[in-house]
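Below: one structure, written as structure tokens.
The values are calculated or read from the model by the stated rules, or taken from the named source; none is laboratory data. What you are looking at is a predicted structure, and each value in this text was computed from that prediction instead of being measured. For neighbour counting, all protein chains shown are included, and Cβ atoms are generated from backbone atoms with ideal geometry for every residue, glycine included. Keep in mind that these areas ignore ligands, DNA and RNA; they rest on the heavy atoms of the full protein, side chains included. Shrake-Rupley method; radii C 1.70, N 1.55, O 1.52, S 1.80 Å.
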Amino acid sequence: QVQLVESGGGLVQPGGSLRLSCAASGSISSINYMAWYRQVPGKQRELVAGISSGDITTIPDSVKGRFTISRDNAKNTVYLQMNSLKPEDTAVYYCYTLVKLKDRIIFLPYWGQGTQVTVSL
């Protein structure tokens, strides 16, 4: 099994910054894709940023230029640097990974428990 531990959420004023971290642990052979999603009540979960094993990133226009995703493969950790935060960025942020376990041949999806980000005065 795989555990994803997220950290870094909290309350920040508009224009401020936060850095989210998500560390994967368990019987991991390799990690392919890593991403961050967010969700507000009553809406679908949406992609915030994704990064491939080759460090190719996907950033939607809604956060492009403000959010940056990176990963540390040695630590099985993905980061989301969020700058110039706006009230509409308020949501629960979820980490997502595609992981191949030891003694397995396919990649399986795993989600973190979510961390609240609130942007408000």
Counting heavy atoms of the protein chains only and a 1.4 Å probe, report the per residue accessible area for segment 19-121 as a whole number of Å². 53 Å²
Give the shape of segment 18-83 as rounded, prolate or oblate, defined through the alpha-carbon gyration tensor: a ≥ b ≥ c are the square roots of its eigenvalues, a/c under 1.5 means rounded, and otherwise the shape is prolate if a/b is larger than b/c and oblate if not. prolate
So for the chain, if I pair up every lysine 8 or more residues apart or on another chain, how many of those pairs have alpha-carbons under 29 Å apart? 6
What ³J(HN,Hα) values, in whole Hz, does the Karplus curve 6.51 cos²θ - 1.76 cosθ + 1.60 give for segment 70-87 when θ = phi - 60°, with x put for Gly and Pro? 8, 9, 10, 5, 5, 9, 6, 10, 10, 10, 10, 8, 10, 10, 6, 5, 10, x
Calculate the dipole size of the chain relative to its Cα centre from +1 charges on Lys and Arg beta carbons and -1 charges on Asp and Glu beta carbons; express the result in debye to the nearest 20. 100 debye
From Cα coordinates alone, what are the radius of gyration and Dmax values for the chain in angstrom? 14.2, 50
Relative contact order of segment 53-121, please, whole-number percent, based on alpha carbon pairs below 8 angstrom and at least 6 residues apart. 25 percent
Express the relative contact order of segment 23-80 as a whole percentage, based on alpha carbon pairs under 8 Å and six or more residues apart in sequence. 32 percent
I need the phi-derived Karplus couplings for segment 38-52: 6.51 cos²θ - 1.76 cosθ + 1.60, θ = phi - 60°, integer Hz, Gly and Pro marked x. 9, 8, 10, x, x, 10, 6, 5, 10, 6, 9, 6, x, 9, 7
Taking all protein chains in place and a 1.4 Å probe, what share, in percent, of the accessible surface of segment 66-121 do carbon and sulfur account for? 53 percent
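Go through segment 8-102 and name the trypsin sites (Lys or Arg not before Pro) that are in a DSSP coil and have 13 or fewer other Cβ atoms within 10 Å of their Cβ.
Numbers: sites: 19, 38, 43, 45, 64, 66, 71, 75, 100, 102; in loops: 43, 45, 64, 66, 102.
Hits after loop and neighbour filter: 43, 64, 102.
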Have a look at 50, 93, 74 and report the one farthest towards the positive end of the charge dipole of the chain, computed about the Cα centre with Cβ charges (Lys/Arg +1, Asp/Glu -1). 74
Percent relative contact order of the chain, based on C-alpha pairs within less than 8 angstrom and at least six residues apart? 36 percent
The ³J(HN,Hα) series, computed from each phi in segment 17-25 with the Karplus coefficients 6.51, -1.76 and 1.60 at θ = phi - 60°, rounded to the nearest Hz and given as x for glycine or proline, is 10, 9, 10, 8, 10, 9, 10, 9, 9
